[in-house]
Amino acid sequence: MGKIVAMTGNIAIAEAMRQINPDVCAAYPITPSTEIMQEFANFVADGLVASELVAVESEHSAMSACIGASAAGGRVMTATSSQGLALMWEMLYVAASSRLPIVMTVVNRALNAPLNIHCDHSDSMGARDSGWIQIYSENAQEAYDNLIQAIRIGQYSGVRLPVMVCLDGFIISHSIERMELLDDEKIQRFIGPHVSYYPLLDTEHPVTYGPIDLQDYYTEHKRQQVEAMKNAKEVILEIAEEFKALSGRGYGFFREYCLKDAEIAILVLGSAGGTAQAVVDKLRAEGVKAGLLKLRVFRPFPLEELAESLKNLKVLAVLDRSDSFGAVGGPVFNEVRSALFDLKKPPKVINYIYGLGGRDLGLEDIERVYQELQKIASNGQITKLVDYLTVRE
């Protein structure tokens, strides 16, 4: 048993970073992730970590510094949100394509305009194809656990990819929760020493990063990234098993709740999972065969595993906390619907966009979704493929 504490999600992330003790952190403050690096800066000032903290002039510079430090051979971490992540856009691709296992906390916040500092997933979902592994957290405990596992996942020899650990802004980042911190020594043993491949500072074996790469080899290098992301699936589960042995808390690509005999279900990621679970409990008490799937890993996308888990449903609603303008539904909906396409008798799938700009998702909103699912299960008719929750139409 570790140490039981009450703390916010941001402080929990900073504590995990202290325990990991990375070589370099480069960051620029942005709401609602500012508190992470502010707290970590206190650890640096107090001599509790040996990390080099680099205060830069922008988020683009922060990721640039992280890339340089990781290429030099260091264990590197950072944190950002929203427009900060957007300002890093160019460098996100450089980090992934250079196969640098940087670990970054993304405290999810809506993208401008208009200006909004509250949660939705438009920032990280916009970066879903940048080549980063993406892991989403339901609460502060999961965010803490995910960050520790991310170190091992990213640095694995067959992966060597950067990892985003995402948590909902303010809902998780600023809310105080009861959680367990593991012992510092156990964390250090779990993550192990950092192993760098082809470090720039190894002058006996000089290498080049960021060369021009035209028709001759560019495609092959992109193909290698694809294989690395495929490899990450097995590694994520392997590391989760090791972490369960350490902490008693088990993780996978997703978490099923009352799904085994469910006829209707919701799929969601992030903090809304807890809200949906409360509604499932209520419906189950009323005799409704309702279920829930809380998606944790979005990249690499667990296509086969999701199809197996959801194959016996009659109707599924996918909830997206971001919109994909001009597409048919949100990004999670499109991925999930594609995953179910080849089933012999796939469930009917509908999409709800919700919670944009931090608007609250209430129990009554989730109940409305399940009521619609019951209607579709009864008459087989979908009246609206994509709809909106928590919006005044």
Report summary line: In debye to the nearest 20, the charge dipole size for the chain, taken about the Cα centre with +1 at each Lys and Arg Cβ and -1 at each Asp and Glu Cβ, equals 1140 debye
Report summary line: Using alpha-carbon positions, the gyration tensor of segment 11-128 gives root eigenvalues a ≥ b ≥ c; with a/c under 1.5 called rounded, otherwise prolate if a/b exceeds b/c, else oblate, the class is oblate
Report summary line: antiparallel share of DSSP beta bridges within the chain, to nearest 5, in %, is 25 percent
Query - Sum of -39500 (n - 2.57) over DSSP H runs of 4+, divided by residues of the chain (222 nm, nearest 500) - result: -13000 deg cm²/dmol
Report task. Output the antiparallel fraction of DSSP beta bridges having both residues in segment 254-388, as a percent to the nearest 5. Result -> 20 percent
Query raised in the report: Under a Cβ-Cβ cut-off of 10 Å, what is the net charge of the residues other than Thr80 that fall near it, where Lys and Arg count +1 and Asp and Glu count -1?
Result: -1
Query raised in the report: With θ set to phi - 60° and the Karplus curve 6.51 cos²θ - 1.76 cosθ + 1.60, what are the ³J(HN,Hα) couplings of segment 22-35 in order, to the nearest whole Hz, using x for Gly and Pro?
Result: x, 5, 9, 10, 10, 7, 9, x, 7, 5, x, 9, 3, 4
Report summary line: Scoring only Lys, Arg, Asp and Glu (+1, +1, -1, -1) among other residues with Cβ under 9 Å from the Cβ of Glu372 yields +2
Query - All lysines inside 27 Å of Lys244 as judged from Cα atoms, apart from same-chain residues fewer than 8 positions distant - result: Lys3, Lys186, Lys230, Lys233, Lys260, Lys294
Query raised in the report: Tilt of helix 218-247 relative to the longest C-alpha principal axis of the chain, in degrees (0 to 90, nearest 10)?
Result: 80 degrees
**Report entry** Using alpha-carbon coordinates, inclination of helix 272-285 to the longest axis of the chain, degrees
**Finding:** 30 degrees
Requested in this report: Mind checking segment 291-393 for trypsin sites (Lys or Arg not before Pro) that DSSP puts in a loop (not H, G, I, E or B) and that have at most 11 other Cβ atoms within 10 Å?
Outcome: Lys344, Lys384, Arg392
Query raised in the report: In whole angstrom, how long is each semi-axis of the equivalent ellipsoid of segment 254-388, when you take the square root of 5 times every eigenvalue of its Cα gyration tensor and sort them from largest down?
Result: 19, 18, 15
Report summary line: Computed over the chain: longest principal axis from alpha-carbon atoms vs helix 140-155 long axis, angle to nearest 10 degrees, is 50 degrees
Query raised in the report: What's the center-to-center distance, using Cα atoms, between segment 54-108 and segment 268-317 in Å?
Result: 32 Å
Requested in this report: Just name one of Ile36, Leu200, Ile366: the one whose Cα is farthest towards the positive end of the charge dipole of the chain (beta-carbon charges, Lys/Arg +1, Asp/Glu -1).
Outcome: Ile366
Requested in this report: May I ask which residue of Cys258, Gln224, Ala55 lies farthest towards the positive end of the charge dipole of the chain, with charges of +1 (Lys, Arg) and -1 (Asp, Glu) on Cβ and the Cα centre as origin?
Outcome: Cys258
Report summary line: Summed over the other residues with a beta carbon less than 10 angstrom from that of Gly291, with K and R at +1 and D and E at -1, the charge totals 0
Requested in this report: Please turn the phi angles of segment 83-90 into ³J(HN,Hα) values with the Karplus equation 6.51 cos²θ - 1.76 cosθ + 1.60 (θ = phi - 60°), one per residue in order, whole Hz, x for glycine and proline.
Outcome: 4, x, 5, 5, 5, 7, 3, 4
Query raised in the report: Cα centroid distance between segment 318-360 and segment 29-53, in Å?
Result: 37 Å
Query raised in the report: Extent of the chain along each principal axis, from alpha carbon coordinates, in Å, largest to smallest?
Result: 70, 53, 44
Query - Equivalent-ellipsoid semi-axes of segment 198-245, from the Cα gyration tensor, Å, largest first - result: 30, 19, 6
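Bear in mind these aren't lab numbers, they're just calculated from the coordinates by the rules spelled out. Please read these numbers as outputs of a predicted model, since none were measured by experiment. Here the Cβ is made from the backbone with ideal geometry for all residues, glycine too, and neighbour counts use every protein chain on show.
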